[in-house]
Structures are given as structure tokens and as C-alpha cells.
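The values are calculated or read from the model by the stated rules, or taken from the named source; none is laboratory data. In this text, all values refer to a predicted model and were calculated from it rather than measured experimentally. Note: ideal-geometry Cβ built from the backbone for every residue, glycine included; neighbour counts use all protein chains shown. The area values use the complete protein model at the heavy-atom level, side chains included, leaving out ligands, DNA and RNA. Shrake-Rupley method; radii C 1.70, N 1.55, O 1.52, S 1.80 Å.
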Amino acid sequence: MQFETWKTALITEIETAADNRAEMVLADPDDPRIEKSQKALFMLADQIRALPSDDPELKALYREESELSQLLRSQPGEPEGRYRDAKEDLLAAYGVDHATFETVGQFLKVLRDRADETISEFRLRV
């Protein structure tokens with residue numbers, strides 16, 4: 001996947017998580033964290049959208065995610081699926097059960113750490 005396509009997909013994932021907050025409001029309309037979470041997710045998406053193509057943290061995450069599909073000792077799609085689940089869990093909890101990040105760089109670092117964990121796990125398989 002090309003970098004710009006990947007970046008657009010990441011932004012779409014974050015915006016989808018924000019849109020899903022509308023369903024959460026129906027389940028618990030009195031929880032103020034839901035609206036704050038939705039706003040934080042939309043802000044996060046906007047911050048990523050504004051990052052230049054040569055942003056080192058964004059490029060590093062792109063490389064890590066790209067590496068997931070190249071891992072040996074795994075079934076096709078297995079590492080990507082594991083990482084995707086971790087990313088979805090983070091986005092689902094963002095601003096509700098997980099604190100928001102001060103900067104977009106902190107968010108990207110957490111995603112990179114999760115990608116690194118997945119890569120390490122599969123490299124250590126015997």
C-alpha cells in the first residue's frame with residue numbers, strides 16, 4: 001500500500017471510531033465522556049491529516065505496519081489481524097476507558113509500540 005493511501009485509511013479508521021460514538025450515546029446518553037471522546041478522535045484525525053508526508057513518526061508507523069505483512073513464521077494475515085484488533089481496541093477505548101493523548105506523536109508511538117510487539121512476537125516463534 002502506498003503511503004498516502006495508508007495515511008487516508010488510518011484517518012478513516014479514526015473517523016469511523018468517532019462516528020461509532022453516536023451509537024454509544026444511545027446506550028448511555030448521560031455519559032459526558034462519549035462526546036469528549038468523539039471530539040478528541042475527530043481532532044486526532046485532523047492532526048494526522050495535517051502532518052506532512054515526511055513526518056518521521058508517521059513514516060515510522062507506516063514502515064512498521066508494512067513490515068507486518070512480511071513476517072515469517074505466521075499464517076497469511078495473522079500478524080496484521082492481531083495488530084488491527086489492538087488498534088481497534090485502542091480507538092474504541094480512546095477518551096472513554098483510555099485517556100486521550102497530549103499530542104498526535106504520542107498516539108503514533110503507542111500504535112508503533114503495538115506493531116513492534118506484534119512483530120517481535122512473530123519473530124520469536126520457533
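Does residue 61 meet the test of being surrounded by 13 or more Cβ atoms within 10 Å (Cβ to Cβ), within 23 Å of residue 4 (Cβ to Cβ) and touching a Leu at 6+ places or on another chain (Cβ under 6 Å)?
Yes; evaluated as a whole, the condition is true for this residue.
Tally time: how many residues in the range 64-108 are in a loop (DSSP other than H, G, I, E, B), open to solvent by less than 30 Å² (accessible area, probe 1.4 Å) and over 18 Å from residue 15 (Cβ atoms)?
So the answer is 1.
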